[in-house]
Amino acid sequence: MSNTKYIFVTGGVTSSLGKGIVAASLAKLLQAQNFKVTIQKFDPYINVDPGTLNPYEHGECYVTDDGAETDLDLGHYERFLNVSTSQANNVTTGRVYQSVIEKERRGEFLGKTVQVIPHVTNEIKKRMCLLAETGDYDIVITEIGGTVGDIESLPYIESVRQMIWDLGRENTVVIHLTLIPYLAAAGELKTKPTQHSVKTLMESGISADIIVCRTEYELTEDLREKLALFCNVKREAIIQSIDVETIYDVPLKMLEEGLDKVVLGKLHLEPKQPLNLESWNEFLNKFKNPKYNLKIGLVGKYVELQDSYKSILESLIHAGAVNETQIDVVSIHSEHIDKNNVASKLEFLDGLIVAPGFGERGIEGKIIAISYARINNLPFFGICLGMQMAVIEYARNKAGFTKANSTEMDPNCSVPVIDLMESQKSITNKGGTMRLGSWDCDLVSGSKVEDAYGVKSISERHRHRYEFNNDFLDKVFDENFKVTGTNPETGLVEIIENQNHPWFVGVQFHPEYKSTVSKPHPLFRAFVKASLAKKNLT
Ligand code: GLN
């Protein structure tokens with residue numbers, strides 16, 4: 001077995017405490033001391049991946065370079081660490097059982113009764129070790145989704161117990177993230193739920209080494225001591241995680257609390273270099289002291305749930321910071337836009353993003369919004385479905401194809417400017433069958449996108465089934481409305497631009513998956529810059 005050290009992060013009391021952010025923040029602090037770190041997430045649900053989940057269920061589906069459809073926490077990991085993740089970084093119960101059952105069918109357990117322990121736990125443990133086995137990492141952080149005590153988490157918790165046994169306590173740390181609720185009527189923070197969840201973890205044979213306490217109010221010294229005593233950890237292992245203005249403050253808060261020190265001490269590791277968070281602090285400084293302010297509209301149909309567009313919102317934060325701009329995102333429900341109200345909904349905006357999406361609901365509203373942006377010189381950025389709708393808008397309103405549509409919305413449409421790829425037509429399974437992951441794209445010289453990227457050839461992540469239908473290349477595009485990015489192997493249209501406009505760009509891929517704190521995405525940067533220019537701010 002390799003020398004890699006393991007950190008396990010479990011959650012107690014309630015979900016949505018931000019295990020992903022705490023894990024990413026710790027990873028950031030370790031990375032800033034020159035450790036090679038990665039994070040993996042184990043999700044206890046039975047879907048093989050979150051690709052088939054409605055965004056209302058589980059927020060955005062994040063996509064990696066190798067085409068894995070994953071939990072949105074992987075987005076946080078990449079944004080914090082600027083290190084790519086892969087299929088191995090996200091495992092679900094569905095995927096674990098799928099492998100075990102396939103092995104059973106192949107006869108690999110011949111003669112044996114296949115059981116949760118050891119067969120399912122062995123499969124989980126094998127996957128927990130995969131990234132460490134690459135030899136690329138000093139430390140692997142493993143986040144266990146869900147809450148301790150849930151029925152579906154049990155095989156994971158049992159696997160963590162066995163991993164600690166296999167690897168030795170000096171090579172492992174268990175961090176338990178819990179909630180310290182504040183009872184307004186009593187005017188008190190309460191520790192009992194945390195005591196109970198630590199006890200539940202102990203019943204499964206795991207004693208937490210560190211308790212990270214989510215809280216709305218400062219923990220007093222007394223309360224910290226009480227928690228340490230009842231939860232069987234050292235006083236310095238009680239880490240407060242107080243509500244902050246931005247998730248990007250969490251690494252600094254964890255540093256103040258000494259989380260990295262306690263972890264390194266427990267793992268018998270010395271920092272490989274003095275902690276260096278210079279560029280992180282530079283980003284935070286710009287983010288918190290903006291010179292300008294912009295209102296950017298985000299048109300989508302899942303706007304009620306902010307997590308649905310997580311990566312887009314974070315990309316705007318990164319691009320805003322480099323442009324020293326505070327971005328107020330105005331969420332606009334695409335189903336609420338019509339010809340009569342579009343001006344009143346969009347006229348005060350400095351830029352417009354039309355979001356990715358699936359299915360017919362809300363698409364006419366998107367097309368009307370795009371029309372408004374095109375005619376009124378409002379900087380426009382269309383992402384995936386947003387790009388497809390920009391093509392349909394132009395085809396209908398400028399190229400004269402009033403019946404233009406996507407066969408996703410109208411399978412019998414007579415002018416299918418957006419259509420299924422030939423290779424997609426025979427596919428019936430929904431899971432994992434879209435055009436996924438990284439694909440190359442060549443940019444046209446002199447285009448806005450070439451200017452933004454500063455190179456001629458790029459690679460971006462995709463997640464879609466439909467494409468621009470190249471039968472309409474000469475019919476829809478003209479001297480103003482141009483294809484400025486194409487896949488070099490297939491000739492598929494990846495980027496469209498309206499050059500008779502300050503900034504009107506549609507991309508078939510998802511640039512938001514590749515924006516990080518240290519490398520804000522070039523297209524988001526350029527879009528924010530164009531929006532500032534529209535407001536005469538640059
Ligand atoms: N529904 C469209 C397609 O499948 C766009 C997908 C997306 O926006 N991610 O092609």
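Which angle from 0 to 90°, rounded to the nearest 10, does the C-alpha axis of helix 192-203 make with the longest principal axis of the chain?
The helix 192-203 is inclined about 70 degrees to the chain.
Quick check: from the Cα gyration tensor, does the range 476-538 come out rounded (a/c under 1.5), prolate or oblate?
It comes out oblate by the Cα gyration axes.
Using only the alpha-carbon atoms, how far is helix 363-375 inclined from the longest principal axis of the chain? Give it as 0 to 90 degrees, nearest 10.
Relative to the chain, helix 363-375 is tipped by roughly 60 degrees.
If you scale each eigenvalue of the Cα gyration tensor by 5 and take the root, what three semi-axes come out for the range 319-437, rounded to whole angstrom and sorted largest first?
One finds semi-axes of 27, 19, 12 Å for the range 319-437.
What does the convex hull of the Cα atoms come to per residue for the range 232-350, in Å³?
141
At 0.36 nm per residue, minus the direct Cα-Cα distance, what do residue 185 and residue 347 gain on full extension? Give it in nm, one decimal, please.
Gain on extension, residue 185 to residue 347, equals 53.8 nm.
For q values of 0.18, 0.27 Å⁻¹, compute log₁₀ I(q)/I(0) with the Debye formula on a Cα-only model of the range 41-88, without solvent.
For the range 41-88, the Cα-only Debye profile gives -0.51, -1.08.
For the range 382-501, restrict the atom set to alpha-carbon positions and state the Rg and Dmax in Å.
Taking only Cα atoms of the range 382-501, I get Rg and Dmax of 14.3, 41 Å.
Given the Cα-Cα distance of residue 333 and residue 414 and 0.36 nm per residue of separation, how much length would full extension add, in nm?
Difference between extended and current length: 26.3 nm.
In debye, nearest 20: dipole of the chain around its Cα centre with unit charges on the Cβ of K, R (+) and D, E (-)?
For the chain, the charge dipole is close to 200 debye.
In nm, give the distance between the simple-model label positions of residue 326 and residue 403, each being 7 Å from the Cα along the Cα-to-Cβ direction.
It is 5.2 nm.
Using only the Cα atoms of the range 147-238, what do you get for the radius of gyration and for Dmax, in Å?
That works out to 14.1, 47 Å for Rg and Dmax.
Semi-axes of the chain's equivalent ellipsoid from the Cα gyration tensor, sqrt of 5 times each eigenvalue, largest first, rounded to whole Å?
Sorted largest first and rounded, they come to 43, 28, 21 Å.
Using just the Cα positions, wrap the range 330-396 in a convex hull and report its mean projected area in square nanometres, one decimal place.
Convex hull of Cα atoms, orientation-averaged projection: 4.1 nm².
Using R₀ = 41 Å, calculate the FRET efficiency as 1/(1 + (r/R₀)^6) where r is the Cβ-Cβ separation of residue 533 and residue 261; round to 0.05.
0.35
Given a Förster radius of 60 Å and the C-beta distance between residue 152 and residue 475 as r, what FRET efficiency does 1/(1 + (r/R0)^6) yield to the nearest 0.05?
Once rounded, the FRET efficiency stands at 0.70.
Residues of the range 193-209 with amide nitrogen under 14 Å from the 7 Å Cα-to-Cβ point of residue 232?
Under 14 Å, as judged by backbone N against the label point of residue 232, lie 195-209 of the range 193-209.
Quick check: residue separation of residue 376 and residue 66 times 0.36 nm, minus the Cα distance between them. What number comes out in nm?
Full extension of this stretch gives 107.7 nm more.
Of all beta bridges DSSP finds with both residues in the chain, what is the antiparallel percent, to the nearest 5?
30
For the range 149-281, what is the charge dipole size about the Cα centre, in debye to the nearest 20, if Lys and Arg each add +1 at the Cβ and Asp and Glu each add -1 at the Cβ?
Here the size comes out at about 420 debye.
Which shape class, rounded, prolate or oblate, goes with the range 1-45 when its Cα gyration tensor gives a ≥ b ≥ c as root eigenvalues, a/c under 1.5 marks rounded, and past that a/b bigger than b/c marks prolate?
oblate
Taken together, the values in this text are just the output of simple stated rules run on the coordinates, not laboratory data. In this text, all values refer to a predicted model and were calculated from it rather than measured experimentally. So basically every Cβ, Gly included, is an ideal-geometry build from the backbone, and we count neighbours across all protein chains shown.
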